[in-house]
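Written below as structure tokens is the structure these notes are about.
The values are calculated or read from the model by the stated rules, or taken from the named source; none is laboratory data. Predicted, not measured: the structure shown is a model, and the values here were computed from it. Positions of Cβ are backbone-derived with ideal geometry, glycine not excepted, and every protein chain shown enters the neighbour counts.
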There are 2 protein chains.
Amino acid sequence: MNISVLRLDHRRRRDARITTHVCLTARAFGASEVILSGERDKKLMENVEDVRERWGGSFKISYQKNWDNFIEEWQKNGGEVIHLTMYGTPVQEAVPQIQKSSKDKLVVVGGSRVPTPVYKAADWNVSVTTQPHSEVSSLGVFLHMLMDGKEFELEFEGGKLEVVPSAEGKQIITHEEFDDQKL
Amino acid sequence: MNISVLRLDHRRRRDARITTHVCLTARAFGASEVILSGERDKKLMENVEDVRERWGGSFKISYQKNWDNFIEEWQKNGGEVIHLTMYGTPVQEAVPQIQKSSKDKLVVVGGSRVPTPVYKAADWNVSVTTQPHSEVSSLGVFLHMLMDGKEFELEFEGGKLEVVPSAEGKQIITHEEFDDQKL
């Protein structure tokens with residue numbers, strides 16, 4: 001099952017860090033790409049590509065001005081759309097349903113105000129708890145549940161850096177010479 | 001098992017939104033309190049208290065200038081310390097160990113540079129994937145796994161607002177009159 005993430009309504013000034021965390025969470029938890037909408041943000045896209053360069057894998061980031069067309073095309077091409085919102089069906093009920101189909105999944109992560117057409121277009125509106133918290137933790141927990149924990153076995157090939165899990169301290173393998181200021 | 005979250009090295013300007021998301025994630029996923037360290041941030045603390053007022057429960061937020069003393073006291077009082085870091089023991093291996101003890105847990109969430117003494121003091125250094133992503137998603141997924149999904153059954157009593165899960169659109173119960181601009 002291929003998973004893409006669509007981030008709506010990005011605002012360059014206000015959202016740079018949160019959206020970066022959304023992108024890196026998508027990558028770490030097994031999505032193959034993120035599509036940004038809202039304001040175009042070249043620097044953010046370069047930062048995410050820089051992480052992929054250093055840490056491996058084939059995660060992609062792109063920009064789409066018109067998210068409504070993009071969602072429509074996604075569904076026309078046979079893909080399904082999951083909108084993460086605190087108002088939706090509880091994730092623990094939705095995930096077993098969502099897992100039944102192997103169709104490509106587009107996970108939509110909103111900004112501050114998500115327009116009604118997103119709720120209407122989505123195949124599932126899914127809530128990760130019914131409390132306000134964060135699109136970053138919602139996405140992480142949703143993908144963890146959708147992947148059934150298999151994200152922990154993912155290999156990110158071709159990276160320059162690799163963590164060796166350690167009970168105490170930091171251990172990193174460097175696969176290539178690199179500027180260690182950028183770690 | 002009581003869970004507290006210690007957020008290290010908060011910087012008022014740069015981290016306001018990320019730290020707010022850390023606090024709200026802690027609350028939504030069953031922690032009873034967050035302790036902030038780094039720069040004091042009255043506005044952030046008020047915002048988190050405001051969420052508790054509106055959405056219920058008894059989540060607390062406080063400030064500790066000296067996190068090192070705080071960690072030491074925590075352990076002296078019989079509590080255990082879990083430091084979330086991408087360099088630690090994989091969460092899927094650590095959680096079953098951590099769950100064996102019902103002692104109070106302090107989950108430490110770092111800032112940009114975590115000093116070595118934190119790694120040394122922690123009973124567990126735990127990684128949520130070995131890839132760089134976000135302290136917000138790390139905390140969410142860690143608490144979800146530690147709670148075994150029981151966070152979805154939590155009741156947040158005394159709130160003014162309550163979400164009614166819905167497959168399409170928004171449904172909110174208002175338990176009291178409130179200024180709906182603040183939703």
The lone condition B:TYR119 fails out of (1) surrounded by fewer than 21 Cβ atoms within 10 Å (Cβ to Cβ); (2) under 25 Å from B:GLU39 (Cα atoms); (3) at the interface with another protein chain (Cβ under 8 Å from one of its Cβ atoms); (4) out of contact with any His (no Cβ under 7 Å at 6 or more places or on another chain) is (4)
For A:VAL95, indicate whether it is within 13 Å of chain B (Cβ to nearest Cβ), modelled with pLDDT of 95 or more and crowded, with 24+ Cβ neighbours inside 10 Å. no
Are any of the residues in segment B:70-86 away from chain A (no Cβ under 11 Å), touching a Pro at 6+ places or on another chain (Cβ under 9 Å) and surrounded by 14 or more Cβ atoms within 10 Å (Cβ to Cβ)? yes
Give the residues of segment A:96-121 that are assigned to a helix (DSSP H, G or I), touching a strand residue (DSSP E or B) at 6+ places or on another chain (Cβ under 8 Å) and of a type outside the set (Ser, Thr, Tyr), sorted by residue number. A:GLN97, A:ILE98, A:VAL118, A:ALA121
Checking A:VAL114 against (1) out of contact with any helix residue (DSSP H, G or I) (no Cβ under 8 Å at 6 or more places or on another chain); (2) over 30 Å from B:VAL109 (Cα atoms); (3) not small (Gly, Ala, Ser), only one condition comes out false. Which one? (2)
Filter pass, A:SER62 being assigned to a strand (DSSP E or B) and farther than 25 Å from B:LYS170 by Cβ: yes
Among (1) closer than 18 Å to A:LEU143 by Cβ; (2) touching a Phe, Trp or Tyr at 6+ places or on another chain (Cβ under 8 Å) - the single one A:LEU24 does not satisfy: (2)
Are any of the residues in segment A:145-160 more than 11 Å from every other protein chain (Cβ to nearest Cβ), within 26 Å of A:ILE35 (Cβ to Cβ) and in a helix (DSSP H, G or I)? yes
Picked from segment A:48-69 (must be closer than 26 Å to A:MET145 by Cβ and among the charged types (D, E, K, R)), the residue farthest from the other protein chains (Cβ to nearest Cβ) is A:LYS60
